[in-house]
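Heads up: the structure comes next, in structure tokens.
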Amino acid sequence: MIKARRQEALLKKGVLQSAVFNSTNFSSIVTDAKGIIQIFNVGAERMLGYTSADVMNKIILADISDTQEVIARAKALSAELGIPITPGFEALVVKASHGIEDIYELTHIRKDGSHFPAIVSVTALRNDQDTIIGYLFIGTDNTPYKRTEQTLRESEKYILFIKNLIEATRTLINSSQIMAVMALRLGEHLRVSRCAYADVEQNGEQFTILHDYTDGCASTVGSYQLSLLGARAVAMLSNGQPLIIRDVEAELLPGDGVEMLNTIGIKAMIICPLVKDGSLRAMMIVHQTTPRAWKPSEITLVQDIVERCWTTIERRNAAEKVAREQVRMRRLMDSNVQGVLFWNMKGLIFEANDAFLRIVNYTREDLGAGRLAWTEMTPSEYAHLDRYGLEEIAATGVCTPFEKEYIRKDGSRVPVLLGAAIFEDRPDEGICFVLDMTARKEAEAAVRNSEQRLRKVIDGLGSNSFLGLMTPNGILI
């Protein structure tokens with residue numbers, strides 16, 4: 001009872017009515033039965049740009065609504081309600097006039113001619129005889145929601161585009177193919193006249209386009225001087241700033257590259273640079289043969305794609321290099337021309353080719369069981385050479401080849417010449433190349449023995465003796 005009396009008191013004082021009609025967050029517009037505006041609150045003034053004096057008793061609400069939307073609404077309601085609805089104010093209030101709750105979206109037109117989407121709730125106002133005397137329209141600006149909705153749609157399109165792009169380039173290894181696919185997919189997605197990925201030479205003065213996507217214009221595959229774009233563009237791109245031109249004729253001055261762009265028929269463009277270690281290394285170039293107001297999302301996408309293209313190509317090039325190195329290493333391992341082993345700082349030899357196993361007289365079963373350790377296979381008198389080698393490897397990554405001996409499985413020794421290096425990505429592991437020096441040592445020993453025997457013969461001859469050398473043909477030298 002007390003609560004009811006309080007509500008009645010509030011209504012009598014007009015507190016609720018004042019709160020609604022003075023709200024700046026909602027437009028409250030009251031019309032008469034014919035649609036002529038009678039009340040226009042401060043919220044409506046803020047949203048529509050009119051003052052109440054501009055519209056009261058002067059404008060029909062349908063006049064500040066999008067005409068095409070009103071026509072479309074009349075047509076849809078005619079089909080829904082089964083009665084002919086006249087485009088105009090009737091289309092805005094017909095449901096409310098029949099006591100049906102009506103909330104819909106409608107584009108309003110501001111005083112300055114700009115448009116904005118609104119969510120409108122319509123209520124019929126009746127007198128004591130239940131006759132409609134007017135309508136109350138309460139509206140909210142739907143722009144933030146529309147903007148969020150548009151952002152979500154663009155995010156979904158972006159995610160789908162990137163997903164499809166990754167899938168399209170997943171199996172490509174050749175960098176030229178990757179450039180071609182990236183340019184094609186981005187060009188089609190943005191619906192532009194031309195799209196290309198360009199490599200910039202290390203001197204930063206020239207760029208090369210190997211592939212481009214074109215739609216209604218000529219290809220620009222070839223090499224070009226970066227200076228053709230103009231000094232301002234070169235400075236911006238070199239500093240990592242994208243070059244955005246919406247209208248070549250209106251925005252560029254002579255010397256800014258307008259001559260080159262006119263030659264190839266370009267009226268708008270985006271060039272997004274990729275700067276690595278302070279140097280311009282690549283660019284994603286998008287061209288349009290007509291002026292175009294580029295969206296921020298389009299510019300962001302082009303910048304993202306040039307980075308993805310670079311990363312993908314670098315990753316593929318690295319994979320290609322690793323694959324080539326693996327093939328070369330496998331051929332070296334399989335050739336068995338010299339011993340090859342893989343070692344770690346703990347002293348373990350965890351892989352080796354057959355040539356090395358023959359040199360040290362171990363089996364592949366011994367290798368698999370972890371029985372080969374270069375520290376244990378090295379005689380103590382050569383340990384200092386290993387230490388010197390490891391110090392050199394720690395400093396430079398490789399060591400100068402040196403001679404030492406290994407202890408074979410049967411306890412005998414074998415002279416070897418070896419050189420070693422560590423892996424860049426695994427500094428605790430490395431590779432070692434080993435040559436069996438047995439034959440060379442034996443040859444050197446035989447030469448020394450021959451020299452010693454000859455010296456003894458010479459020393460045993462008297463001073464009056466003659467020593468000569470004769471060729472196989474019997475000619476005395």
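The values are calculated or read from the model by the stated rules, or taken from the named source; none is laboratory data. Source: prediction; values computed, not measured. Note that each Cβ is placed from the backbone with ideal geometry, even for glycine, and that neighbours are counted across all protein chains shown. Accessible surface areas use protein heavy atoms only, side chains included; no ligands, DNA or RNA. Shrake-Rupley method; radii C 1.70, N 1.55, O 1.52, S 1.80 Å.
When N is the residue count of region 15-169, what does its C-alpha Rg come to as a fraction of 2.2 N^0.38 Å?
Here the answer is 1.26, to two decimals.
So how far apart, in nm, are the two label points at Tyr145 and Arg246 if each is 7 Å from Cα heading toward Cβ?
Going by the 7 Å Cα→Cβ label model, 2.9 nm.
Within region 414-446, name every residue whose backbone N is under 14 Å away from a label modeled 7 Å from Cα of Phe402 along the Cβ vector.
416-421
Taking every pair of alpha-carbon atoms in region 184-316, give the share separated by more than 20 Å as a whole percent. Intermediate results must be reported in sequence, preceding the final value.
Working: 3414 of 8778 pairs.
Beyond 20 Å sits 39 percent of the P(r) for region 184-316.
Measuring with a 1.4 Å probe in the full set of protein chains, what accessible area per residue, in whole Å², belongs to region 168-248?
Ligands and nucleic acids excluded, the figure is 48 Å² per residue.
Where Lys and Arg each count +1 and Asp and Glu each count -1, what net charge lies around Thr148 among other residues with Cβ under 14 Å from its Cβ?
Around Thr148, the charge tally is -1.
Would you mind checking the tilt of helix 67-81 against the longest principal axis of the Cα atoms of the chain, expressed as 0 to 90 degrees and rounded to 10?
Once rounded, the angle reads 80 degrees.
Let's see if you can work this out: charge +1 on each Lys and Arg Cβ, -1 on each Asp and Glu Cβ, no other charges. What is the dipole magnitude of the chain about its Cα centre, in debye to the nearest 20?
Dipole magnitude for the chain comes out near 580 debye.
Glu201 to Ala33: extension gain in nm, 0.36 nm per residue of separation minus the Cα-Cα distance?
Length gained between Glu201 and Ala33: 53.1 nm.
Provide the solvent-accessible area of Asp141, counting protein heavy atoms only and rolling a 1.4 Å probe, rounded to the nearest 10 Å².
For Asp141, solvent-accessible area is about 60 Å².
Expressed in nm to one decimal, what extension gain is obtained for the pair Ala439 and Ile159 from 0.36 nm per residue of sequence separation less their Cα-Cα distance?
Working: separation 280, 0.36 × 280 = 100.80 nm, distance 6.62 nm.
Once the chain is fully extended between Ala439 and Ile159, it gains 94.2 nm.
What's the local net charge at Leu77, with K and R +1, D and E -1, over the other residues with C-beta under 11 Å away? Before the final figure, lay out the partial values.
Values: positive: Arg73, Lys75, Lys95; negative: Glu80, Glu90, Asp102.
Local net charge: 0.
Using 0.36 nm times the number of residues separating Ala72 and Asn361, minus their current alpha carbon distance, what extension gain do you get? Before the final figure, lay out each step's value.
Numbers: separation 289, 0.36 × 289 = 104.04 nm, distance 9.22 nm.
Taking Ala72 through Asn361 to full extension adds about 94.8 nm, to one decimal.
Place +1 on the Cβ of every Lys and Arg and -1 on the Cβ of every Asp and Glu in the chain, take the dipole about the Cα centre, and give the residue among Met345, Thr396, His98 whose Cα lies farthest towards its positive end.
His98
Give the label of the value calculated from the structure for percent of Cα pairs over 36 Å apart, choosing from [x] 28; [y] 66; [z] 31.
Working out percent of Cα pairs over 36 Å apart from the coordinates points to [y].
Quick one: which of 39-47, 373-381 comes out on top by average Cβ neighbours within 10 Å, and what's the full order, highest first? Let's see the in-between values first.
On the way: 39-47: 19.8, 373-381: 13.0.
For the peptides 39-47, 373-381, the packing ranking is 39-47, 373-381.
For region 351-429, what does the equivalent ellipsoid look like in terms of its semi-axes, each the square root of 5 times an eigenvalue of the Cα gyration tensor, given largest first in whole Å?
Three semi-axes, in Å: 22, 16, 10.
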